[in-house]
Every structure is written in C-alpha cells, then in structure tokens.
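As structure tokens, the structure follows; a few thoughts come after it.
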Amino acid sequence: MEITQQCVVALTWTLKDTLGEVLDVLDEPVEFLIGGNDLLPVIEEALLGHTPGASVELQIEPEQAFGDFDDQLIFLEPRALFPKELEEGQLFEGSALPAGCNPDAPKNALFCVTDIYPEHVVLDGNHPLAGIAIRLHVKVQAVREATEAEIGQGSTGSGFFRIQAPHSHAPGSGSLH
C-alpha cells in the first residue's frame with residue numbers, strides 16, 4: 001500500500017543533529033497517522049507516495065519543526081516556591097506553576113527545570129529541540145488504512161516526539177518518542 005492522506009504508517013528512525021550526534025533512535029516500529037497530528041508536516045510530505053521498505057532522508061530546519069530558541073521563555077523563579085524534592089529535568093505545565101511564579105510565563109507552555117540553585121530555579125519553556133536543525137533517517141516498515149477512530153481523533157495515540165526534557169534523569173530516558 002502506498003502512503004496517502006488518512007493512512008497509518010509504521011516507522012523506525014534515527015534522529016541526529018547537523019553535527020551527526022544521535023539524538024534519538026526508534027528501533028521498534030511506531031504507528032503514526034498521516035494527515036493527522038502525529039507527525040510534522042515536512043515529514044508527512046516527504047513520506048507521501050512511498051511504500052513499505054522505503055527509506056527517506058530529511059534535513060529539517062528549526063522553522064519547519066520546533067521553532068527558534070526564545071530567550072523570553074527562560075524564567076528565574078524563587079526556589080522556595082517549589083517542592084523540596086525538585087529535580088533537574090522535572091516538567092511543569094505553565095498553568096500549574098506554583099503560585100508566586102512570574103505571571104508572564106505562558107500558561108500553555110511546558111517548562112523544564114534546567115538548573116536548581118539555593119535561592120533560584122531556572123525554568124525553560126522552549127521545546128528541547130528549539131533552534132536545532134535536525135537530520136532524520138526514516139524507514140517505512142508498514143502502511144495500513146486508518147480506522148475511523150484514528151481519523152476522528154487525528155492520531156494513532158502514539159504522538160510524535162514526546163520529549164523528556166534536556167538533562168533529564170527521569171525514568172524513560174531522554175527519548176524523543
């Protein structure tokens with residue numbers, strides 16, 4: 001079956017930065033809905049028309065993926081506002097930041113604790129791959145028709161690039177999927 005809009009593809013990939021450092025490897029196939037919310041548009045475009053067994057190489061610029069790094073999304077907050085067991089790599093939704101944090105912090109951002117000092121905590125609301133051009137080697141493992149449920153929700157439910165924050169030591173490693 002050829003990849004078209006509203007089908008499901010099972011992919012494996014290797015993701016690198018432009019210096020060749022491996023950022024993520026997906027060895028086991030994961031399913032994504034083409035024409036939904038699972039993949040970046042640039043990846044979907046490159047996959048259209050391919051069949052199982054195809055390999056696609058992509059260079060994806062920041063503006064096609066996770067945007068440029070925005071220093072306005074870095075916040076220095078009082079350490080006392082956060083729980084004692086706070087760790088680098090811990091994530092907070094902007095809408096769930098402790099009371100007393102900067103009210104200018106976007107409520108729809110996901111903030112990563114990047115540094116912890118005795119008096120302050122550094123929160124970064126940028127996507128961990130913001131400002132980075134990435135190289136993606138994708139292999140199409142399988143293609144199938146999407147179910148009505150998948151089309152209705154715009155996803156297979158696997159999501160794309162569920163990010164563990166940079167410097168994360170949390171369970172699940174630094175996986176990008």
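Just so you know, all these numbers are worked out from the coordinates, no wet-lab data involved. Model, not experiment: these values are computed from the prediction.
Structure values in brief
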item	result
Under the Karplus curve 6.51 cos²θ - 1.76 cosθ + 1.60, θ = phi - 60°, whole-Hz ³J(HN,Hα) for the range 37-46, x wherever Gly or Pro sits	10, 7, 10, 5, x, 5, 6, 4, 4, 5
Cα convex hull of the range 40-112 - mean projected area over all directions, nm²	7.5
Proximal aspartates and glutamates to LYS84, defined as alpha-carbon separation beneath 16 angstrom and excluding residues fewer than eight positions away on the same chain	ASP115, GLU119
The chain - convex hull of alpha carbons, volume per residue in Å³	128
Fluctuation leader among LYS16, LYS107, LYS84 - the chain, Gaussian network, Cα springs under 10 angstrom	LYS84
As computed over the range 71-124, the Cα convex hull volume per residue (Å³)	70
